[in-house]
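Everything below concerns the one structure shown next.
The values are calculated or read from the model by the stated rules, or taken from the named source; none is laboratory data. Note that the structure is predicted; figures quoted are calculated from it, not measured. When we count neighbours, we look across all protein chains shown, and the Cβ atoms used for this are built from the backbone with ideal geometry, even at glycine. The accessibility values were calculated without ligands, DNA or RNA, using every heavy atom of the protein model including side chains. Shrake-Rupley method; radii C 1.70, N 1.55, O 1.52, S 1.80 Å.
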Amino acid sequence: MDIIRDSIKYAKSLGFEDVIVSIEQSSVHYLKIANSEVNSMVEDRDASGQVYLTHDKRIVASDVPKVDMQSMRTAIRNAKTTLKLVKPKDDYNGIAAGKFKYGKAPEYDKRLESLENSDIADVASAAINGALTGKVENVSGMVIVENMRFSMGTSNGIMGHYDSANIRLSLRVDGKGFSYQDVAASKYLSKLNPGKFGRETSAMLDRASGFGKIKSGTYDVLYSPSPASNLMQNITDMALISSVETGGFLSGKLGKEVGGNGLSIYDDGANDAYIGSSPFDDEGYPTQKTPVIENGVLKNYLHNWSTAKKYGVKSTGNAGLIDPRTNTLVLDYKSKVRDEDSLIREIKRGILVTGTWYTRFDNEENGDFSTVPRNLAIYIENGEPKFAIKQLDVRSIVGIRIHDNMLRMIRNIEAVSSSSKQASSWDAPDYSIMPDVLVKGVKVTTA
Amino acid sequence: MATDIIDYAYSEASKRSDGFAEAYAEEYAAMGAAIEQGKFNGIFSSSGSGIRVRMMSKGNLYSMSTNLIDKQSVKSMVSRARGLPGRKVGMSDEPAVKGKDIVKGKKEPDIDGIKDAILEIDNYLQDKRVKYRSVYINFSHAKSAFMNDCGSRIEARMPIINVYSNFIIAGKKGTRSRFMQLGGVGGLEALSMNTLERRLDDEISGLYEAAQNGKNLSAQEMRGIKNVVISPEISGIAVHESIGHPNESDRVFGREAAQAGTSYINGGNLGLEVGSEAVTIMDEPQISGSNGYYKYDDEGVIGRKKTIIKGGIQNELLTNREYAAMLGIRSNGSARSSAYSFEPIVRMSNTYLQKGSATFDELVSEARNGIYVKSFNGWNIDDTRSFSMYQGNEAYMIRNGRIAEPVMNYKLETSTLKFWHAVALVGKDFNLYLATCGKGEPEQGVPVTNGGASALLKFNR
């Protein structure tokens with residue numbers, strides 16, 4: 001904290017007005033699983049700083065490669081030189097000011113700070129062995145152990161610090177010509193049961209009793225938590241004020257009904273149970289649970305201090321160092337059913353989608369998008385799973401594409417399961433708290 | 001400095017390894033600026049250094065990195081490379097390379113130059129037809145040192161400039177969004193500013209025409225289109241997604257299954273007929289000034305030109321030392337990492353459809369009736385790289401052998417094998433388009449280009 005205080009004082013002495021200084025020390029292990037064995041280990045340990053400085057609405061931000069007073073002062077001096085070249089950002093309104101009370105410091109399993117490679121390998125081996133108890137030909141995945149210490153201070157007298165740690169396990173199983181993938185994550189080693197998770201992941205392939213083809217057309221789609229997370233994160237991304245100003249599909253819809261009236265979507269940075277939570281955002285404003293959509297109505301855009309002032313609202317605790325960023329997405333729905341099987345029974349003609357990727361917008365302004373099921377997808381008829389979809393003669397292929405519109409999708413949510421889980425996917429790695437989500441009338445094309 | 005202790009890092013790794021060891025040190029500096037709707041968002045800079053060692057210990061592979069540059073930290077880092085269960089990883093033997101790849105841009109900008117460039121590009125986009133525009137520019141240069149167990153010792157310096165431009169055109173029939181990435185290895189000269197104004201004006205005019213007068217095809221009309229002329233931009237995205245990625249050896253042999261996915265190519269079908277005889281697809285790192293340029297890969301192997309598809313037949317996988325050893329061959333130099341803190345993995349560089357002999361007019365004339373797709377916005381592909389879709393952004397009907405009215409909603413959606421078997425004629429034009437390709441976990445983006453020639457696809461041959 002001394003380096004942070006000294007850096008702020010030094011920056012003020014050079015005439016900067018708003019100053020944010022942060023220091024991050026991180027240690028991350030990535031243990032790769034491939035071909036049903038521990039494949040390799042990547043470890044990275046870094047310590048670095050960041051400074052954010054303004055003068056007369058001119059903004060300069062810089063990474064600082066070393067955490068020492070000399071490096072911080074050099075970065076601040078360099079910023080002073082650079083500042084002359086910067087044009088003012090007319091709609092800039094300062095950084096968070098006030099006396100804030102933060103929630104309690106994040107709690108986590110201290111054992112995660114001292115795990116050895118062999119401990120991490122044990123987690124991986126247990127997951128692999130669990131998965132191999134089923135009819136699985138190949139197991140792949142990743143175990144990530146992340147430790148971080150974060151400290152920050154601002155010229156408005158805010159000082160904050162927190163430590164955090166988590167362990168994340170992703171597992172893909174291939175067998176019977178199909179694949180299934182899921183994630184488990186916790187801040188506590190004891191809450192991650194890799195053997196059980198491996199067995200449960202592997203058991204999903206048992207649903208693939210035979211395979212078949214479907215025709216292009218309209219289907220009800222039941223998204224498992226992972227693909228639902230992949231898709232729904234676009235809703236909170238588009239609620240960021242930076243996306244709204246770009247003309248994204250939520251622009252101009254504040255206060256209007258955008259989803260079915262049972263739907264609520266929250267951006268929650270404050271719940272300590274979620275691995276992405278922190279007591280404050282990058283300018284020291286307390287994080288909170290913000291209703292983005294409540295009972296179908298678009299309630300809030302996501303702001304930092306400056307953008308909130310611009311629009312005459314309060315910050316939602318979404319400050320990144322430059323632009324606002326999202327926290328953990330939580331989806332809630334009034335009409336819940338017991339479990340996935342109950343949802344399947346509601347489907348007359350539909351598809352269970354367990355994994356998607358490459359979600360791409362055709363048009364961000366109206367929300368048209370397409371996405372590709374990458375893992376097991378099961379055709380459902382009259383409430384019964386019929387067969388796993390396989391449109392081409394290629395191992396582990398599904399071969400269908402979903403074409404929908406984000407606003408239409410959230411209006412057409414029919415029901416969700418009663419339980420939610422922390423969900424994520426490789427190309428949308430932020431975690432969401434997500435149930436299974438049933439969407440009616442979705443256009444599907446096939447190979 | 002990181003490069004000062006590379007000998008020490010390599011020596012420590014070598015002492016504790018089972019044969020394979022390498023060390024890589026990097027010092028970098030970067031600066032960027034952003035403008036949105038003509039408003040200057042700010043200037044951002046970063047600099048730093050770091051060191052990475054990769055080594056085998058008791059038959060397993062470790063990649064260890066830190067930005068704590070002192071002997072004690074490096075020694076401690078190497079000592080932690082242990083504890084995994086045994087697995088024998090082989091590495092191909094490669095010739096010792098003692099070389100330098102020192103690139104100096106003709107016009108490497110200072111922060112003043114960066115500011116001037118972004119203002120100039122923003123100025124080109126100030127057009128009443130453009131309803132939204134943003135520009136981000138970034139210039140970085142990295143100096144690196146490398147040494148490995150083959151006796152290689154390489155120094156490199158790589159400046160790279162990239163501009164990311166996003167704009168939206170509004171017309172009577174709808175909007176068109178366009179993302180463009182410009183630049184390459186070098187300084188400001190890589191932005192080709194002398195031709196940029198005209199290129200952006202062409203883009204704006206074409207997209208405005210689509211937004212103003214573009215026709216929406218019915219599903220039946222869409223299905224009726226059998227002849228498609230694709231521009232080098234469309235060739236490029238298809239080459240990248242459906243040929244380059246599935247020919248990455250780590251993906252073919254399952255190492256990326258839970259991350260960037262698998263491949264329709266596997267150990268049992270190498271040599272598969274992927275397309276027509278007209279299709280030859282290359283990956284070529286050593287194109288000076290290109291975004292995917294490198295002379296030596298991040299395992300110290302010369303990045304040579306690869307013929308991935310030769311006359312329609314799968315010919316060569318992209319390899320690193322690990323998968324070259326598995327295949328009993330030498331690496332073709334395709335291992336890349338985006339920074340010291342990431343492990344090198346198998347990547348593309350500049351990947352393209354080799355040009356043929358047809359003029360653009362001949363492609364259109366031969367198509368007779370069909371569609372010309374000039375640029376794309378949305379696109380995606382499945383896990384095995386077998387089923388792709390490219391959404392036309394600027395596209396025109398072809399009627400009686402001539403370019404006709406613009407089309408708004410065309411999607412080229414088909415299987416990989418049908419796509420490449422449909423190639424009837426390849427153009428003699430050639431262009432490369434910049435991209436940043438993501439892969440691995442943690443995901444790392446490396447600069448690449450995709451492109452090549454235009455082509456005529458006939459789907460009912």
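Scanning for something assigned to a loop (DSSP other than H, G, I, E, B) and crowded, with 22+ Cβ neighbours inside 10 Å, does region A:407-424 turn up at least one residue? Break it down stepwise before answering.
Within region A:407-424, the first condition is being assigned to a loop (DSSP other than H, G, I, E, B), and the residues that meet it are A:412, A:418-420.
Next, only the ones that are crowded, with 22+ Cβ neighbours inside 10 Å stay: none.
No: region A:407-424 contains no residue that is assigned to a loop (DSSP other than H, G, I, E, B) and crowded, with 22+ Cβ neighbours inside 10 Å.
Assess whether B:E155 counts as being more than 10 Å from chain A (Cβ to nearest Cβ) and buried (at least 20 other Cβ atoms within 10 Å of the Cβ). Give the steps one after another, and end with the answer.
Numbers: more than 10 Å from chain A (Cβ to nearest Cβ): yes; buried (at least 20 other Cβ atoms within 10 Å of the Cβ): no.
Judged against the criteria, B:E155 is not a match.
Take the residues of region B:340-380 that are outside any strand (DSSP E or B) and among the hydrophobic types (A, V, I, L, M, F, W, C): which is most open to solvent (accessible area, probe 1.4 Å)?
B:F360
Go through the residues of region B:241-256 one by one and say whether even a single one is at pLDDT 95 or above, open to solvent by 30 Å² or more (accessible area, probe 1.4 Å), closer than 30 Å to B:I121 by Cα and in contact with a Phe, Trp or Tyr (Cβ under 9 Å, 6 or more places away or on another chain).
Of region B:241-256, the ones at pLDDT 95 or above are B:241-256.
Now narrow it down to the ones that are open to solvent by 30 Å² or more (accessible area, probe 1.4 Å): B:253.
Of the ones still in play, those that are also closer than 30 Å to B:I121 by Cα are none.
So far as region B:241-256 goes, no, none of its residues is at pLDDT 95 or above, open to solvent by 30 Å² or more (accessible area, probe 1.4 Å), closer than 30 Å to B:I121 by Cα and in contact with a Phe, Trp or Tyr (Cβ under 9 Å, 6 or more places away or on another chain).
Every residue, every condition in (1) at positive phi; (2) of a type outside the set (D, E, K, R), yes or no:
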position: B:R304; (1), (2): no, no
position: B:G328; (1), (2): yes, yes
position: B:R336; (1), (2): no, no
position: B:F387; (1), (2): no, yes
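Hey, A:S278 hits all of (1) away from chain B (no Cβ under 14 Å); (2) surrounded by fewer than 21 Cβ atoms within 10 Å (Cβ to Cβ); (3) in contact with a Gly (Cβ under 8 Å, 6 or more places away or on another chain); (4) within 27 Å of A:G141 (Cβ to Cβ) but one; which does it fall short on?
Failed condition: (2).
Considering region B:59-76 alone, what residues qualify as being more than 7 Å from every other protein chain (Cβ to nearest Cβ), outside any loop (DSSP other than H, G, I, E, B) and either surrounded by 19 or more Cβ atoms within 10 Å (Cβ to Cβ) or of a type outside the set (S, T, N, Q) (or both)?
The initial filter retains those residues of region B:59-76 that are more than 7 Å from every other protein chain (Cβ to nearest Cβ), namely B:59, B:69-76.
So of that shortlist, the ones also outside any loop (DSSP other than H, G, I, E, B) come out as B:71-76.
Residues satisfying the conditions are B:K71, B:V74, B:K75.
Given the condition without any contact (Cβ under 8 Å) to a residue 60 or more places away in the chain, touching a Ser or Thr at 6+ places or on another chain (Cβ under 7 Å), open to solvent by 50 Å² or more (accessible area, probe 1.4 Å) and within 14 Å of chain B (Cβ to nearest Cβ), answer yes or no: does some residue in region A:370-391 qualify?
No, because not a single residue in region A:370-391 is without any contact (Cβ under 8 Å) to a residue 60 or more places away in the chain, touching a Ser or Thr at 6+ places or on another chain (Cβ under 7 Å), open to solvent by 50 Å² or more (accessible area, probe 1.4 Å) and within 14 Å of chain B (Cβ to nearest Cβ).
Does B:F40 satisfy the criteria of being within 7 Å of chain A (Cβ to nearest Cβ), free of Cβ contacts under 8 Å to residues at least 40 places away in the same chain and open to solvent by less than 10 Å² (accessible area, probe 1.4 Å)? Give the steps one after another, and end with the answer.
Numbers: within 7 Å of chain A (Cβ to nearest Cβ): yes; free of Cβ contacts under 8 Å to residues at least 40 places away in the same chain: yes; open to solvent by less than 10 Å² (accessible area, probe 1.4 Å): yes.
Yes: the conditions hold for B:F40.
Between A:E24, A:E37, which is surrounded by fewer than 16 Cβ atoms within 10 Å (Cβ to Cβ) and either among the polar types (S, T, N, Q) or within 13 Å of chain B (Cβ to nearest Cβ) (or both)?
After applying the criteria, what remains is A:E24.
Residue check: is A:T328 farther than 19 Å from A:T154 by Cβ, without any contact (Cβ under 8 Å) to a residue 60 or more places away in the chain, surrounded by 23 or more Cβ atoms within 10 Å (Cβ to Cβ) and in contact with a Gly (Cβ under 8 Å, 6 or more places away or on another chain)? Step through it out loud before you land on a result.
Numbers: farther than 19 Å from A:T154 by Cβ: yes; without any contact (Cβ under 8 Å) to a residue 60 or more places away in the chain: no; surrounded by 23 or more Cβ atoms within 10 Å (Cβ to Cβ): yes; in contact with a Gly (Cβ under 8 Å, 6 or more places away or on another chain): yes.
For A:T328, the condition - farther than 19 Å from A:T154 by Cβ, without any contact (Cβ under 8 Å) to a residue 60 or more places away in the chain, surrounded by 23 or more Cβ atoms within 10 Å (Cβ to Cβ) and in contact with a Gly (Cβ under 8 Å, 6 or more places away or on another chain) - is not met.
Quick one: A:V51 ticks every box in (1) closer than 22 Å to A:I144 by Cα; (2) without any contact (Cβ under 8 Å) to a residue 60 or more places away in the chain except a single one, so which number is it?
Condition not satisfied by A:V51: (1).
Which residue is nearest to B:L457 (Cα to Cα), if the candidates are limited to region B:402-417 and must be open to solvent by 20 Å² or more (accessible area, probe 1.4 Å) and touching a Lys or Arg at 6+ places or on another chain (Cβ under 8 Å)?
So, considering only residues that are open to solvent by 20 Å² or more (accessible area, probe 1.4 Å) and touching a Lys or Arg at 6+ places or on another chain (Cβ under 8 Å), the one nearest to B:L457 (Cα to Cα) is B:E413.
Please go through (1) over 30 Å from B:G254 (Cβ atoms); (2) open to solvent by less than 10 Å² (accessible area, probe 1.4 Å); (3) not β-branched (V, I, T) for A:K84 and return the number of the only condition it doesn't satisfy.
Tallying (1) over 30 Å from B:G254 (Cβ atoms); (2) open to solvent by less than 10 Å² (accessible area, probe 1.4 Å); (3) not β-branched (V, I, T), A:K84 fails exactly one: (2).
When residues of region B:265-309 are filtered for being of a type outside the set (A, V, I, L, M), crowded, with 17+ Cβ neighbours inside 10 Å, part of a strand (DSSP E or B) and more than 16 Å from the chain's Cα centre (by Cα), how many remain?
Looking only at that region, the number is 1.
Out of all the residues in region A:190-215, which are away from chain B (no Cβ under 14 Å) and under 21 Å from the mean Cα position of the chain (by Cα)?
A:K191, A:L192
Mind counting the residues in region B:178-197 that are in contact with a helix residue (DSSP H, G or I) (Cβ under 9 Å, 6 or more places away or on another chain) and open to solvent by 30 Å² or more (accessible area, probe 1.4 Å)?
Here the count works out to 4.
Suppose we filter region A:306-319 for residues that are more than 19 Å from A:G103 (Cα to Cα) and not polar (S, T, N, Q); how many remain? Steps first, answer last, please.
First pass over region A:306-319, keeping only residues more than 19 Å from A:G103 (Cα to Cα): A:306-313.
Going one step further and asking which of them are not polar (S, T, N, Q), we end up with A:308-313.
Here the count works out to 6.
Scan region A:7-21 for residues that are open to solvent by 50 Å² or more (accessible area, probe 1.4 Å) and of a type in the set (D, E) and jot them down.
Answer for region A:7-21, where residues must be open to solvent by 50 Å² or more (accessible area, probe 1.4 Å) and of a type in the set (D, E): just A:E17.
Which one of the conditions (1) at the interface with chain B (Cβ under 8 Å from one of its Cβ atoms); (2) under 23 Å from B:S140 (Cα atoms); (3) open to solvent by 40 Å² or more (accessible area, probe 1.4 Å); (4) part of a loop (DSSP other than H, G, I, E, B) does A:V67 fail to meet, given that it meets all the rest?
It is condition (1) that A:V67 fails.
Filtering region A:70-80 down to residues that are among the polar types (S, T, N, Q) and more than 8 Å from chain B (Cβ to nearest Cβ), which residue is surrounded by the fewest Cβ atoms within 10 Å (Cβ to Cβ)?
To start, the set of residues in region A:70-80 that are among the polar types (S, T, N, Q) comprises A:70-71, A:74, A:78.
Still in the list and also more than 8 Å from chain B (Cβ to nearest Cβ): A:70-71, A:74.
Numbers: A:Q70: 8, A:S71: 18, A:T74: 16.
Of everything passing the filter in region A:70-80, A:Q70 is surrounded by the fewest Cβ atoms within 10 Å (Cβ to Cβ).
How about region A:232-254: which of its residues are basic (K, R) and either touching a Phe, Trp or Tyr at 6+ places or on another chain (Cβ under 9 Å) or at pLDDT below 95 (or both)?
none
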